[in-house]
Amino acid sequence: MHAPTMQRARTVVIDTLPPPAKLYGRALPALFRRARASELPAIRLVRPDVRLDAEQVGRYARVCGFIPEHGVPLTFPHVLAFPLHLMMLTDPSFPWSALGVVHLSNTVRMRRPLTAGQNLRIEVECGPLMPHQKGQAFTLHTRIYRRGEAVWDGDSVYLKRGARSESAAVSTEPADASAHAPLLAREARWQLPPQLGRDYAKASGDFNPIHLYMLSAKAFGFSRAIAHGMWTLARTLAALHPVKALASGRAHGDFKLPLYIPGDATLWTAAPSPTARAFEVRDLAGDRPHLRGHFEWELP
């Protein structure tokens, strides 16, 4: 099967971000779209001059469990890119509602250390549609530059359930992903407080209603609010992080079952090498997975 082709992306420079409330408001009417997509918007959204704000970094770090010695958290640049993600998903040319897509996985890579006070260029664009056994999947690619040098990138894979594709359905996860999984040992237990979703929303700008309150989550089919997947990934990396800033790092997480809040979770890990960890976040009994992935790094 040939890879899908995409139009050349048109660059749109964003000098001023719209407020999140406006973007989420734009997502609500799109819930009723029943579009059958053949392609996604050929747009590259760019914020050309974004300052790494020390206060924002600190607020995010505290909510996710990072300590000052970690420096700028590996997952923090995702927060800087998130407004562009939301703008892409709520663009009138996007075929579905941002509130109707499921975050399947996320990969983040820091190529160079980041420091508060630096200015960055952030670029976001859609990859091609991919057939999936449950619908159609796609990737939002984030690329971050400092004075022309690539310093961070991220790939967020999303699924639109039930969206039909003309191509044969496949899974975006390797078929043998669990066949070679290392034996994990329980390392920690976390208690997730009721306000966690709201605390993370304030630190990240992600105010998706499924994470905020029981009533708002119920409107979208959940019995109560669920933790942000990117919080779960960040909390895991904070727990496994060496007690110093990284020279470079890469992490990948596959989001599995919803993690309800308030609630409990357990962290399970294995160390395939001195500078790598495999991990799962599971329920309290250790039977049901919420997150599965790996983390690797280099020290200065």
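Read-outs throughout are calculated quantities, based only on the coordinates presented, and are distinct from any laboratory measurement. All of these numbers come straight from a predicted model, not from anything done at the bench. Here the Cβ positions follow ideal geometry from the backbone for every residue, glycine too, while neighbour counts run over all protein chains shown.
Determine the relative contact order of the chain: mean sequence separation of Cα pairs under 8 Å and six or more apart, normalised by residue count, in whole percent.
With pairs under 8 Å counted, the relative contact order is 18 percent.
With runs of 4+ DSSP H residues as the only contributors, calculate the mean residue ellipticity of the chain at 222 nm using -39,500 (n - 2.57) per run, divided by the residue total and rounded to the nearest 500.
-5500 deg cm²/dmol
Pull out the extension gain between residue 223 and residue 183, defined as 0.36 nm times the separation in residues minus the alpha carbon to alpha carbon distance; nm, one decimal.
Stretched out fully, the residue 223 to residue 183 stretch lengthens by 11.2 nm.
Can you pull the one-decimal nm distance between simple spin-label points at residue 276 and residue 133, each 7 Å off the Cα toward Cβ?
Inter-label distance under the simple model: 2.6 nm.
Could you check the simple spin-label distance between residue 15 and residue 257, using points 7 Å along Cα→Cβ, in nm with one decimal?
The two pseudo-label positions are separated by 5.1 nm.
How much length is gained if the chain between residue 247 and residue 198 is pulled fully straight, taking 0.36 nm per residue apart and subtracting their Cα-Cα distance, in nm to one decimal?
14.5 nm
For labels at residue 284 and residue 150 in the simple 7 Å Cα→Cβ model, what's the distance in nm?
Using points 7 Å along Cα→Cβ, the separation is 4.5 nm.
Starting from the Cα gyration tensor of the stretch 62-133, take the square roots of the eigenvalues, sort them a ≥ b ≥ c, and report rounded, prolate or oblate (rounded when a/c is under 1.5, otherwise prolate if a/b is larger than b/c, else oblate).
prolate
Amide H neighbours of residue 263 under 5 Å, at least 5 residues apart or on other chains, H built in the peptide plane: list them.
The list, which skips near neighbours in sequence, is 192.
Work out the FRET efficiency for residue 213 and residue 112 from their Cβ-Cβ distance, taking R0 = 41 Å, and round it to the nearest 0.05.
Computed FRET efficiency for residue 213 and residue 112 comes out at 0.55.
Once you have the Cα-Cα distance between residue 264 and residue 141, take 0.36 nm times their residue separation minus that, and quote the gain in nm to one decimal.
Value of the extension gain: 41.1 nm.
Give, as a single signed number, the net charge of other residues whose beta carbon lies under 10 Å from the beta carbon of residue 141, with Lys and Arg counted +1 and Asp and Glu -1.
-2
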